[in-house]
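Worksheet: the structure to be examined is printed underneath.
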Amino acid sequence: MSWYFTFVDALLIAFIFVMARHTFLRAKFFLHIFQQKGYKFNEYRHWLIEHWNKRVITPEHVLFLVIIAGMLWLLSTTITGSSAIIILSMFGIFWFGRFTYYKGERKKKPLVFTPRVIRLTIPFVLFCSLIPLLLTYIGYTGNIPFSSYRFDMSGFLTADIYILSIGWILGNATVPFWIFVAGAITQPIENRIHRHFIKQAKNKLARMPELTVIAITGSYGKTSTKFMIRDLLKERVNVCSTPGSYNTPMGICKVINNDLEAHHQVLILEMGARYEGNIDELCDIAEPHISVVTNVGIAHLETFGSQDAIARTKSTLVRRLKSGGTAVLNADDERVIRMGDLRDDIKIISTGIENGEIRASDIRYNHEGTRFTVTGNNGEEEFQIKLLGAHNVQNMLLSIAVADIFDIRLKTMALAASKIEPVEHRLELKKEGELYVIDDAFNSNPVGAKNAVEILSRFESGRRIIITPGMIELGRLEDKMNYEFGLAIGEANLDLVILVGSKKTEAIRKGIASTGYPDEKVKVAGSLFKANDIMKEFARAGDIILYENDLPDTFNE
């Protein structure tokens, strides 16, 4: 029977290995979620609540505990120790042997082991290991550390499978909660590091009194406007700007401390906000000489609570503008243009397609982008840009107003604007093989989404296809906005609509159906990757595909 004992012992080791691997991958998964939530406890907690039954305490956890309890209370006197090892090990290996349930198909934004994540990982791994390793030790030896009590191991070959199973399943189930403990332990360290970098950035700016700071905020279009301003200004002045969506205190400090140099004349900063007070924190680091407000929408309505709260937060950039500075405001947005009334010691420049001192007219779209005419204080000029959409025209008008402050001519601006490349994933027009792609996958919003659909509908060559999961993080307005998005899609009379996710896109489907759009032209896919498969079967040379929004890895129906 030695082979039998060897088999049982090997099965027990395999069970421990499978549970250790699953616990490790689960810990990595929740660390990834915490990073994507910006290391914010509140947002991480909300995510756990929303995904409680699918990701946090799963059916596997509950069923395995039920089986353990049932065997202990009902079969402990009739089943042998080796049989218990075989039964529980097989269940554990079967349920926890794979991790595809958590990984998903692919990660679009993988976990990045930044110094902060490494600091967080050390206590996190220690706490995650505590319960399983402690009970594994007890299960194999019968000894309880720092106690004279010892479990009776006579009924088992090598270890008490019940203690081992309870230890590993509890250790596995409690992984998400150790983030809070590890985060609380490392938070004082992070606060100290943050204070150091903020002080360093403020001191550096204080040593550069001739530097002009331009700050940009708004619900949408911040990054695009920032790059447009940079590209117009660099024709005449030395510019330093934050890359990508660097719009947090640490992102801004990193650029000031590492990238800003003595020869730079202008610093362009993007200032984002998810909560009231966020922009004040950023202005405490770098108070602007020129403030640009793109719009007030409903992005992050879930965290702000109301559009008025969003407007109040965005107006901070005007209130914190240095005396004698200039505020460049979107005159087509009522909430934005009213911000000009907050100060009487600053200059206001308004821009817009419908209103403002600097305006655009005769807007046309083609495979090369957008063509329009700009009329301003210094005359009139035709612009051709590689960007798509009326909102990009509005962003360009804001940028033209800033360039005008630096006395750059409209003709010079038009030349610079023609060279501007689209921001990645923001209505980015590109050719992939024989297909044209409009990539608007970064972060869909109601205004931008409808604009993108309208642009797609204006293309006359090729069939028009949209792939979208709709919009998220809009709070109580989410269904309403997605229904209206569906109306826009239906009225655009596209050739194919592919929706990603059946539950979240239900409001979109209702909106589309209400327009009389043919139901057979609407397809639903479980993921972006499956949606692409549907598209490839349908598309042919010359067709145009719009990718409108791309769900984050943290999202799951």
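For the list (1) under 30 Å from Lys37 (Cβ atoms); (2) modelled with pLDDT of 95 or more; (3) not aromatic (Phe, Trp, Tyr), I need the number of the one condition that Leu496 fails.
Single failed check for Leu496: (1).
Step by step: first the residues of segment 246-260, then only those that are touching a strand residue (DSSP E or B) at 6+ places or on another chain (Cβ under 7 Å) and in a loop (DSSP other than H, G, I, E, B), then the one that is surrounded by the fewest Cβ atoms within 10 Å (Cβ to Cβ). Which residue is that?
Asp259
Restricting the search to segment 493-520, which residues are within 28 Å of the chain's Cα centre (by Cα) and small (Gly, Ala, Ser)?
Result: Gly501, Ser502, Ala507, Gly511.
Looking only at helices (runs of 4 or more DSSP H) that fall completely inside segment 280-353, which ones have 3 or more residues that are among the hydrophobic types (A, V, I, L, M, F, W, C)? Lay out the reasoning, then the answer.
Values: elements: 301-304, 307-314, 316-319, 334-337.
Helices (runs of 4 or more DSSP H) meeting the threshold: 307-314.
What tally of residues in segment 419-468 results from selecting those that are among the aromatic types (Phe, Trp, Tyr) and not in a strand (DSSP E or B)?
At the first step, the residues of segment 419-468 found to be among the aromatic types (Phe, Trp, Tyr) are 436, 442, 459.
With the extra rule that they be not in a strand (DSSP E or B), the set shrinks to 442, 459.
Adding up the residues that qualify gives 2.
Scan (1) assigned to a helix (DSSP H, G or I); (2) modelled with pLDDT under 95 for the single condition Thr370 breaks and write down its number.
Looking at each condition in turn, Thr370 falls short on (1).
Can you give me the number of residues within segment 12-55 that are over 24 Å from Val181 (Cβ atoms), surrounded by fewer than 19 Cβ atoms within 10 Å (Cβ to Cβ) and either touching a helix residue (DSSP H, G or I) at 6+ places or on another chain (Cβ under 8 Å) or not assigned by TED's automatic domain parsing to the domain that holds Thr174 (or both)?
Filtering segment 12-55 for residues over 24 Å from Val181 (Cβ atoms) gives 12-18.
Those left that are additionally surrounded by fewer than 19 Cβ atoms within 10 Å (Cβ to Cβ): 13-14, 17.
Now narrow it down to the ones that are either touching a helix residue (DSSP H, G or I) at 6+ places or on another chain (Cβ under 8 Å) or not assigned by TED's automatic domain parsing to the domain that holds Thr174 (or both): 14.
Of the residues in segment 12-55, 1 are over 24 Å from Val181 (Cβ atoms), surrounded by fewer than 19 Cβ atoms within 10 Å (Cβ to Cβ) and either touching a helix residue (DSSP H, G or I) at 6+ places or on another chain (Cβ under 8 Å) or not assigned by TED's automatic domain parsing to the domain that holds Thr174 (or both).
Sort out which residues of segment 418-428 are over 11 Å from Phe227 (Cβ atoms), surrounded by 14 or more Cβ atoms within 10 Å (Cβ to Cβ) and in contact with a helix residue (DSSP H, G or I) (Cβ under 9 Å, 6 or more places away or on another chain), and write them in order of number.
Leu427
List, please: which pairs have Cβ atoms under 7 Å, are six or more places apart or on different chains, and start with a residue in segment 78-98 that is assigned to a loop (DSSP other than H, G, I, E, B) and end with one that is surrounded by fewer than 22 Cβ atoms within 10 Å (Cβ to Cβ)?
Ile79/Met71; Gly97/Val18
Hey, any hits in segment 177-194 for a residue that's small (Gly, Ala, Ser), more than 30 Å from Ile408 (Cβ to Cβ), buried (at least 20 other Cβ atoms within 10 Å of the Cβ) and at pLDDT 95 or above?
Yes, because at least one residue in segment 177-194 is small (Gly, Ala, Ser), more than 30 Å from Ile408 (Cβ to Cβ), buried (at least 20 other Cβ atoms within 10 Å of the Cβ) and at pLDDT 95 or above.
Conditions tested, residue by residue: (1) under 18 Å from the mean Cα position of the chain (by Cα); (2) more than 18 Å from Phe99 (Cβ to Cβ); (3) in a helix (DSSP H, G or I).
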site	(1), (2), (3)
Trp3	no, yes, yes
Ile13	no, yes, yes
Met19	no, no, yes
Phe24	no, no, yes
Ala27	no, no, yes
His32	yes, no, yes
Arg45	yes, yes, yes
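Scan segment 263-285 for residues that are β-branched (Val, Ile, Thr) and over 20 Å from Ser306 (Cβ atoms) and jot them down. I'd like the intermediate steps shown before the answer.
Start the filter on segment 263-285 by keeping residues that are β-branched (Val, Ile, Thr), which leaves 266, 268, 279, 285.
Those that are β-branched (Val, Ile, Thr) and over 20 Å from Ser306 (Cβ atoms): Val266, Ile268, Ile285.
Out of segment 406-419, which residues are in contact with a strand residue (DSSP E or B) (Cβ under 6 Å, 6 or more places away or on another chain) and either under 30 Å from Asp479 (Cβ atoms) or of a type in the set (A, V, I, L, M, F, W, C) (or both)?
Answer for segment 406-419, where residues must be in contact with a strand residue (DSSP E or B) (Cβ under 6 Å, 6 or more places away or on another chain) and either under 30 Å from Asp479 (Cβ atoms) or of a type in the set (A, V, I, L, M, F, W, C) (or both): Leu410, Ala414, Ala417.
Given the structure, is Lys411 surrounded by fewer than 19 Cβ atoms within 10 Å (Cβ to Cβ), basic (Lys, Arg), out of contact with any His (no Cβ under 8 Å at 6 or more places or on another chain) and at pLDDT 90 or above?
Spelling it out, Lys411 is indeed surrounded by fewer than 19 Cβ atoms within 10 Å (Cβ to Cβ), basic (Lys, Arg), out of contact with any His (no Cβ under 8 Å at 6 or more places or on another chain) and at pLDDT 90 or above.
Take the residues in segment 416-428 that are in contact (Cβ under 8 Å) with a residue 24 or more places away in the chain and touching an Asp or Glu at 6+ places or on another chain (Cβ under 8 Å), then tell me which one is farthest from Ile544 (Cα to Cα).
Ranking the candidates gives Ala416 first.
Considering only segment 427-436, state which residues are more than 18 Å from Phe372 (Cβ to Cβ) and modelled with pLDDT under 90.
Answer for segment 427-436, where residues must be more than 18 Å from Phe372 (Cβ to Cβ) and modelled with pLDDT under 90: Glu428, Lys430, Lys431, Glu432, Gly433, Glu434, Tyr436.
The values are calculated or read from the model by the stated rules, or taken from the named source; none is laboratory data. Here the structure is a predicted model, which means the values were calculated and not measured. Glycine also receives a Cβ, built like all others from the backbone with ideal geometry; neighbour counts cover every protein chain displayed.
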